[in-house]
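Rule-based calculations on the coordinates, nothing more; no lab input. Quantities reported herein were computed from a predicted structural model and do not represent experimental measurements. Here the Cβ positions follow ideal geometry from the backbone for every residue, glycine too, while neighbour counts run over all protein chains shown.
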Amino acid sequence: MAAKKKGKSSFLKKVIIIFFLLLLAGAGITGWEFYKLIYQPNVSLNGEKSTFIYIPTGADINTVKNILSKKGIVVDINSFEWVSERKKYKDKIYPGKYLIKAGMNNNELVNLLRSGKQVPVKFVINNFRRKEEIISLAGKELEADSMKLKTLFKDEAFLNNYALNTENAGTLFIPNTYEFNWNTSAEEFVDRMRKEHQKFWTEEKKSKSKQLKLSEAEVSILASIVEKETRKKNEMPVIAGVYINRLRKRMLLQADPTLVFASGNFNITRVLNVHKEIDSPYNTYKYSGLPPGPICIPEASSIDVVLNYENHDYLYFCANPDMSATHIFAKTYDQHLVNARKFQHELNKRKIMN
């Protein structure tokens, strides 16, 4: 009897051990499956090392899933969703531009997206002629609605807050490289540009502007003309001085670049008398003073040139007939005519007619 009881007891122990081993194995398998859901790589970029995704303002978890699915970034969207739910990502969805790296697991991906640590957009303002070009660029590189921006820059009441109008609004922009969050709105974009404008216009610059009896916008307008007259840095202060002398004497500026702007044909290589007849407020051969707005978005250095112009007695200048892209300056109209005829003769000789 004792032997039978001992045998049953031993069998029961084996059954219990096997049961617990099976439980442990099941738990291990389940644990491994959970581990894979969380930590197994789930981002595949078709051979690329990284890519960017853009999550719009107001996005919900379904929007994010659609973005990841359509771009084919996530291998298993269900496992991403499972991890997202456990980490309550749907309660912490931040818009923006995010750098996604190949081989990321769900834990890393969800942690990145819910952290809001987006990659800034480098927004470069350089060598633009019209403000509309900058507005268009903002609409392409930022979430800001370009149509909303266009509306703002046509709103006189809005621009009055910045002491600007629809014609000179381009002077708000100071060319530079700026960093923006991708999800910047139209209003935030304009406000940032205002702050950068204020930062540029120091008290010293404002004081020099007042001495010239020009507003900040007018200084920028004149800077745009000087910039389009020459790219020779050593000549720019001299040319600025010529225009300031003419403004003070209430002479017409007669700046050829304003005629090019008024014509809308920026490929003109020779300004002719017919261009001087264009009826436009930007035609400084017809209308006195500065044009109503800039003819390009002037660089910060060009604005500084105007504020620190060269003080001299020159009232005229024309291109050098040696075609070196430099200029010859004159104090009298008679001397200017001599210089201008030499240049015109050289243009005729080279058959440059338009």
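Give the calculated FRET efficiency between LYS150 and ALA325 to the nearest 0.05, with a Förster radius of 45 Å applied to their Cβ-Cβ distance.
Details: r = 36 Å, r/R0 = 0.80.
Between LYS150 and ALA325 the formula returns 0.80.
Of the peptides 95-105, 146-156, 199-209, how do they stack up when ordered by the mean number of other Cβ atoms within 10 Å, highest first? Don't skip to the end; give the middle numbers.
Details: 95-105: 17.4, 146-156: 15.1, 199-209: 12.9.
Going from most to least packed, we get 95-105, 146-156, 199-209.
For the chain, what does the helix formula give at 222 nm: sum of -39500 (n - 2.57) over DSSP H segments with n ≥ 4, over the residue count, nearest 500 deg cm²/dmol? Walk me through the numbers before you get to the answer.
Values: 14 runs with 175 residues, N = 354.
Calculated mean residue ellipticity at 222 nm is -15500 deg cm²/dmol.
If the chain between ASN127 and GLN40 were fully stretched, how many nm would it gain, using 0.36 nm times the residue separation less the Cα-Cα distance? Numbers along the way, then the final one.
Values: separation 87, 0.36 × 87 = 31.32 nm, distance 4.76 nm.
The ASN127-GLN40 span can extend by a further 26.6 nm.
Of (1) 1.66; (2) 0.99; (3) 0.94, which one was derived for Cα Rg over 2.2 N^0.38 Å from the structure shown?
Among (1) 1.66; (2) 0.99; (3) 0.94, the one derived from this structure is (1).
Take the alpha carbon gyration tensor of segment 231-278, find the square roots of its eigenvalues, order them as a ≥ b ≥ c, and report rounded if a/c is under 1.5; if not, report prolate when a/b exceeds b/c, else oblate. Can you show the working numbers first?
Numbers: a/c = 3.05, a/b = 1.40, b/c = 2.18.
Since a/c reaches 1.5 but b/c is at least a/b, the shape of segment 231-278 is classed as oblate.
Order these peptides, 85-94, 252-261, 177-186, by their mean beta-carbon neighbour count within 10 angstrom, highest first.
Values: 85-94: 13.8, 252-261: 21.2, 177-186: 17.4.
Listed from highest to lowest mean packing, they are 252-261, 177-186, 85-94.
Could you tell me which of rounded, prolate or oblate describes segment 50-115, using a ≥ b ≥ c as the square roots of the eigenvalues of the alpha-carbon gyration tensor, with rounded for a/c under 1.5 and, failing that, prolate when a/b is larger than b/c and oblate otherwise? Display every interim value, and only then the final one.
Numbers: a/c = 1.31, a/b = 1.05, b/c = 1.25.
Taking the square roots of the gyration eigenvalues as a ≥ b ≥ c, segment 50-115 is rounded.
Under a straight-distance cross-link criterion of Cα-Cα below 29 Å, which lysines are reachable from LYS65, leaving out those fewer than 8 residues away in the same chain?
LYS36, LYS49, LYS87, LYS88, LYS90, LYS92, LYS97, LYS101, LYS117, LYS122, LYS140, LYS148
Mean-square fluctuation check for the chain, GNM, Cα pairs under 10 Å: which of ASP279, ASP334, ASP313 is largest?
ASP334
Need one word for segment 152-258: rounded, prolate or oblate. Basis is the Cα gyration tensor (sqrt eigenvalues a ≥ b ≥ c); a/c below 1.5 gives rounded, then a/b vs b/c decides.
Values: a/c = 2.01, a/b = 1.77, b/c = 1.13.
It is prolate, given that a/c is not under 1.5 and a/b is the larger ratio.
Of PHE52, VAL83, ASN42, which is farthest towards the positive pole of segment 37-100's charge dipole, taken about the Cα centre with +1 and -1 on the beta-carbons of Lys, Arg and Asp, Glu respectively?
Of the options given, the answer is PHE52.
Would you please give the FRET efficiency between GLU141 and PHE200, computed as 1/(1 + (r/R0)^6) with r the Cβ-Cβ distance and R0 = 22 Å, to the nearest 0.05?
On the way: r = 22 Å, r/R0 = 0.98.
Rounded to the nearest 0.05, the efficiency is 0.55.
Alpha carbon centre of segment 237-276 versus segment 146-225: separation in Å?
The distance from the Cα centre of segment 237-276 to that of segment 146-225 comes to 24 Å.
Could you state the number of Å between the C-alpha centres of segment 57-109 and segment 290-319?
Cα centroid to Cα centroid, the span is 52 Å.
Starting from the 7 Å offset along Cα-to-Cβ, what nm value, one decimal, do you get for the label separation of ASN165 and VAL119?
4.4 nm
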